[in-house]
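Read through the structure below, which is laid out as structure tokens, and then see the notes.
The values are calculated or read from the model by the stated rules, or taken from the named source; none is laboratory data. Worth saying up front: this structure is predicted, and the values here are computed from it rather than measured. Methodologically, a virtual Cβ is constructed for each residue, glycine included, from the backbone with ideal geometry; neighbour enumeration extends over all protein chains shown.
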Amino acid sequence: MNVHEFQAKQLFAQFGVPVLRGKEVKTPKAASQWAAKLNTPVYVVKAQIHAGGRGKAGGVKLVKEQSQVPEIAKELLGKVLVTHQTGPKGRKVRRLLVEEGANIAKELYLSLLVDRDTGWVVFIASTEGGMEIEEVAAKTPEKIIKEAIDPAVGYQGYNGRNIAFALGLQQIEPAVINPFVQMLGNLYRLFMEKNCALVEINPLVITKEKTLIALDGKVSFDDNGLFKHADVQKMRDLHEEEPLEIEAGKNNLNYVKLDGNIGCMVNGAGLAMATMDVIKLAGSEPANFLDVGGGATKETVAAGFRILLKDKNVKGIFINIFGGIVRCERIAHGVIEAAKEVKLKVPLVVRLQGTNAEEGRKLLVESGLKLDVADDLWEAAQKIVGMTGKAA
Ligand code: ADP
Ligand code: MG
């Protein structure tokens, strides 16, 4: 789960990581009232969407006059912001962060994530802050500094000093070295205590007053740890999530929307991956990943069906079920009921294998529904691709 910048900054403040005075607002009036309280030489109005690249897309505005704050707020609220991270559809701005301006002397990059190879939490830092870190890594990999934290001992001061000296802080601004080392310890605590998957500060700035400030903030949480953190759960913003993924979550289905046009419903993540592969091999693209689970029931199949059909890109559906724990005739009943309920208008191919597959296939064939039944995976994939057309 991701949260907004203003929420990331609330967590930073809670863990002793320095941020600017700022507040989330949803109306020009609230922006105006807060600006009056803020009373600062420079006001920064920032669109709150779950995507970076806002600065370049016009989603971060600096103004000197307090009276301009509500005008800027009016302009940004309701606007659809297209950044390099939102995709062409963009994201509607519903909230803003109004904060004071910083006197930036230097912008750094800092993040914390889990290194998949070692399973250790690692700090990534660079003197090239404010830029896209992927680009820095591709063009100038020597400018990316990594420091892994041994989980047995946790963060130690020397970890922070290693990063500080590798960045050259002794040349850039020696006064920030100690606060930097302390700040990294606080970020590590945040990461561990809140079960984060990513904490990113880009840019982390050194100000002309020789202080450190987290000017931007991105925090992602490990969904499997969310149940432990009611405070974090409250930060969820459903407007920023894929509606079909939300609905799938409510039905305990593992669903990820993709860009192709063949909707797949499969039981078991491994088989779901294999199904996506075989669709590609047959010349088309899957519209989603959907795992209805090893113990799929009639109800879960029906819910999966409804979700697939709500995706406008879906031109055909491929159901691939292996009856292990689940019995195929139950799945067949689920498919038949759901197909009648949603008035299926796209081709459907069902491949059943395993326990009671024969009985399941018979039920489907005799249901009178317009569908194709198969028992072989490759044959089934070719059938559905044949009916929906190959991907461009
Ligand atoms: P994004 O990463 O989405 O573009 P950022 O929060 O990183 O958004 O802001 C983009 C740029 O805007 C920063 O790199 C910084 O130069 C400037 N900026 C952002 N917030 C402030 C602030 N409070 N004071 C001064 N400059 C700011
Ligand atoms: Mg940024």
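Here are the numbers for this structure:
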read-out: Restricting region 41-73 to residues that are small (Gly, Ala, Ser) and within 16 Å of ligand 2 (Cβ to nearest atom), the residue that is nearest to Arg91 (Cα to Cα); value: Ala51
read-out: Scan of region 56-101 for residues that are assigned to a strand (DSSP E or B) and within 10 Å of ligand 1 (Cβ to nearest atom), ordered by number; value: Val60, Lys61, Leu62, Leu81, Leu97, Val98, Glu99, Glu100
read-out: Qualifying residue in region 25-47 (condition: more than 14 Å from ligand 1 (Cβ to nearest atom), crowded, with 20+ Cβ neighbours inside 10 Å, assigned to a strand (DSSP E or B) and modelled with pLDDT of 95 or more); value: yes
read-out: Number of the exception - Gly185 against (1) in the same structural domain as Ile172 (by TED's automatic domain parsing); (2) over 20 Å from the mean Cα position of the chain (by Cα); (3) farther than 24 Å from Leu108 by Cα; (4) of a type in the set (Gly, Ala, Ser); value: (3)
read-out: Those residues of region 15-52 which are in contact (Cβ under 8 Å) with a residue 60 or more places away in the chain and on the phi > 0 side of the Ramachandran plot, in sequence order; value: Gly16
read-out: Residue list for region 188-208, filter: within 16 Å of ligand 2 (Cβ to nearest atom) and among the aliphatic types (A, V, I, L, M); value: Leu198, Val199, Ile201, Leu204, Val205, Ile206
read-out: Top-ranked residue in region 209-224 [being within 16 Å of ligand 2 (Cβ to nearest atom) and assigned to a loop (DSSP other than H, G, I, E, B); ranked as nearest to the chain's Cα centre (by Cα)]; value: Gly217
read-out: Filter result for the condition that a residue is of a type in the set (D, E, K, R), out of contact with any Ser or Thr (no Cβ under 8 Å at 6 or more places or on another chain) and modelled with pLDDT of 95 or more, over Lys106, Lys61, Lys89; value: Lys61
read-out: Qualifying residue in region 312-326 (condition: touching a helix residue (DSSP H, G or I) at 6+ places or on another chain (Cβ under 6 Å), of a type in the set (Lys, Arg) and assigned by TED's automatic domain parsing to the domain that holds Cys264); value: yes
read-out: When residues of region 102-124 are limited to those that are assigned to a strand (DSSP E or B) and closer than 13 Å to Ala214 by Cβ, the one farthest from ligand 1 (Cβ to nearest atom); value: Leu112
read-out: Selected residue [within 16 Å of ligand 2 (Cβ to nearest atom), in contact (Cβ under 8 Å) with a residue 60 or more places away in the chain and farther than 30 Å from Ile145 by Cβ] from Leu96, Leu112, Leu108; value: Leu96
read-out: Test for Glu134: is it within 16 Å of ligand 1 (Cβ to nearest atom), in a helix (DSSP H, G or I) and either surrounded by 14 or more Cβ atoms within 10 Å (Cβ to Cβ) or within 22 Å of the chain's Cα centre (by Cα) (or both); value: yes
read-out: Residue ranges of strands (runs of 3 or more DSSP E) in region 275-388 with at least 1 members within 32 Å of the chain's Cα centre (by Cα); value: 288-291, 316-323, 348-354
read-out: Residue check for Ile149: modelled with pLDDT of 95 or more and touching a helix residue (DSSP H, G or I) at 6+ places or on another chain (Cβ under 8 Å); value: yes
read-out: Filter result (more than 30 Å from Glu65 (Cα to Cα), among the β-branched types (Val, Ile, Thr) and buried (at least 20 other Cβ atoms within 10 Å of the Cβ)) within region 87-126; value: Val121
read-out: Residue tally, condition within 16 Å of ligand 1 (Cβ to nearest atom) and either buried (at least 17 other Cβ atoms within 10 Å of the Cβ) or not in a strand (DSSP E or B) (or both), over region 158-203; value: 5
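Okay, residues lined up against (1) among the hydrophobic types (A, V, I, L, M, F, W, C); (2) modelled with pLDDT of 90 or more; (3) buried (at least 19 other Cβ atoms within 10 Å of the Cβ):
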| position | (1), (2), (3) |
| --- | --- |
| Val266 | yes, yes, yes |
| Thr275 | no, yes, yes |
| Glu299 | no, no, no |
| Val326 | yes, no, yes |
| Ile331 | yes, no, yes |
| Gly334 | no, no, yes |
| Lys340 | no, no, no |
| Glu359 | no, yes, no |
| Glu366 | no, yes, no |
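Yes/no matrix, rows are residues, columns are (1) of a type outside the set (Ser, Thr, Tyr); (2) touching a Gly at 6+ places or on another chain (Cβ under 8 Å); (3) assigned by TED's automatic domain parsing to the domain that holds Gly129:
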{"position": "Val3", "(1), (2), (3)": "yes, no, yes"}
{"position": "Ala8", "(1), (2), (3)": "yes, yes, yes"}
{"position": "Ala13", "(1), (2), (3)": "yes, no, yes"}
{"position": "Ala36", "(1), (2), (3)": "yes, no, no"}
{"position": "Pro41", "(1), (2), (3)": "yes, yes, no"}
{"position": "His50", "(1), (2), (3)": "yes, no, no"}
{"position": "Lys56", "(1), (2), (3)": "yes, no, no"}
{"position": "Lys64", "(1), (2), (3)": "yes, no, no"}
{"position": "His84", "(1), (2), (3)": "yes, yes, no"}
